[in-house]
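The values are calculated or read from the model by the stated rules, or taken from the named source; none is laboratory data. Every value quoted in this text rests on a predicted model; they were computed, and no experiment measured them. Every residue, glycine among them, receives a Cβ derived from its backbone with ideal geometry; neighbour counts consider all protein chains shown. Surface areas here come from the heavy atoms of the whole protein model, side chains and all, with no ligands, DNA or RNA. Shrake-Rupley method; radii C 1.70, N 1.55, O 1.52, S 1.80 Å.
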Amino acid sequence: TEALDKVEADINEVKKDGKTNLEISNLETYLADLRIQGSMSAEQRRLTHMSSLAAYTAQNDFSIAMFKAVMDAGKEAVNAAIIINGGAVIALMAFMGNASAKFGTAFVGRLSFPLLIFGFGVFLGAVGFGTRYISQFFYAFEKTRIIGHVFNALSWLIVLISLLSFAYGALRTHWSLA
């Protein structure tokens, strides 16, 4: 009767999760496990369960730590994109202010396009923050995790374009001053 009590308890647990059907293959796996457990002593079952629980906990803790590390790396990439492009905007504006006093506005006009590129990089960095936030929101729900993956990939793409805009802006600045 101990085995039947376990089956009944497990069925009730599945019902609590809102499930009404079981796949045959899952039921067969469950019965095979139940058969193995039936041949073990109560102490062996307890130790096996504790071992499985410890392995699951360790795997889960590792997955959480990796997820946090990836999210932190993404945050730092977004910060870097905003800081380097924003710093370039500030530096170029300061240079343009000094250059206009010395060389006139015609010279400074040549730097307006690189300034626009750096500003676009800052804008993309801010959009990257937004898409990163949206990806985390969708990761919170089991049914929308795939959408979270899409927004995460979109965030990385946006940040990459932001970083590339810094490189292009630096190149255009060089060409404008050459």
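Please express the shape of the range 17-141 as an equivalent ellipsoid: the semi-axes are the square roots of 5 times the eigenvalues of the C-alpha gyration tensor, given largest first in whole angstrom.
On the way: eigenvalues 788, 52, 13 Å².
Semi-axes (√(5λ), whole Å): 63, 16, 8.
With a 1.4 Å probe and all protein chains left in place, how much accessible area per residue does the range 23-129 have, in Å²?
On the way: 7100 Å² over 107 residues.
The answer is 66 Å² per residue.
Charges at C-beta only: +1 for Lys and Arg, -1 for Asp and Glu. How large is the resulting dipole of the range 25-90 about its Cα centre, in Debye rounded to 20?
On the way: 5 positive and 6 negative charges, 18 e Å.
Result for the range 25-90 is approximately 80 debye, rounded to the nearest 20.
Output the peptides 161-171, 89-99 sorted from most to least packed, where packing is the average of other Cβ atoms within 10 Å over each peptide's residues. Please report the intermediate quantities before stating the final value.
Details: 161-171: 18.5, 89-99: 14.6.
So the order, starting with the most tightly packed, is 161-171, 89-99.
Return the carbon/sulfur percentage of the accessible area of the range 32-165, one whole number, probe 1.4 Å, all protein chains in place.
Details: 6220 of 8640 Å².
Heavy-atom surface of the range 32-165 belonging to carbon and sulfur, 1.4 Å probe: 72 percent.
Order of 17-24, 42-49, 77-84, 114-121 by packing, highest average Cβ count within 10 Å first?
Final packing ranking: 114-121, 77-84, 42-49, 17-24.
Given R₀ = 25 Å, FRET efficiency for residue 2-residue 32 by Cβ-Cβ distance, to 0.05? Walk me through the intermediate numbers first.
Numbers: r = 17 Å, r/R0 = 0.69.
After rounding, the FRET efficiency stands at 0.90.
Per 0.36 nm of contour for each residue apart, how much would the distance between residue 140 and residue 94 grow if the chain were fully extended, relative to their Cα-Cα spacing? Kindly include the intermediate steps, with their values, before the conclusion.
Numbers: separation 46, 0.36 × 46 = 16.56 nm, distance 4.38 nm.
Roughly 12.2 nm would be gained on extension.
Which whole-number percent gives the relative contact order of the chain, counting Cα pairs below 8 Å spaced six or more residues apart? Numbers along the way, then the final one.
Numbers: 118 pairs, mean separation 36.6, N = 178.
That works out to 21 percent.
Where does the chain land at 222 nm, in deg cm²/dmol rounded to the nearest 500, when only DSSP H runs of n ≥ 4 count, each adding -39500 (n - 2.57), divided by all residues? Let's see the in-between values first.
Numbers: 6 runs with 158 residues, N = 178.
My calculation for the chain gives -31500 deg cm²/dmol from helical runs alone.
Give the residues of the range 109-149 whose amide nitrogen is closer than 12 Å to a point set 7 Å from the Cα of residue 63 in the direction of its Cβ.
Answer for the range 109-149: 142.
In debye, nearest 20: dipole of the chain around its Cα centre with unit charges on the Cβ of K, R (+) and D, E (-)?
Computed charge dipole of the chain: roughly 1140 debye.
Which one of 77, 168, 54 has its Cα pushed farthest toward the positive end of the charge dipole of the chain, where Lys and Arg give +1 and Asp and Glu give -1 at the Cβ?
Value: 168.
How many nm is it between the label spots at residue 103 and residue 24, if each spot is 7 Å from the Cα in line with the beta carbon?
If labels sit at residue 103 and residue 24, their model points lie 8.0 nm apart.
Along the positive direction of the dipole of the chain (beta-carbon charges: Lys, Arg +1; Asp, Glu -1; about the Cα centre), which of 86, 124, 9 reaches farthest?
86
Under a straight-distance cross-link criterion of Cα-Cα below 23 Å, which lysines are reachable from residue 15, leaving out those fewer than 8 residues away in the same chain?
Within reach: 6, 143.
With helices defined as uninterrupted DSSP H runs, which ones in the chain have an alpha carbon span along their own long axis of at least 15 Å and mean Kyte-Doolittle hydropathy of at least -0.5? Write out the running numbers ahead of the final one.
Details: long enough: 2-16 (21 Å, -0.83); 24-38 (21 Å, 0.03); 42-103 (89 Å, 0.45); 112-139 (40 Å, 1.20); 145-177 (48 Å, 1.13).
Both cut-offs are met by 24-38, 42-103, 112-139, 145-177.
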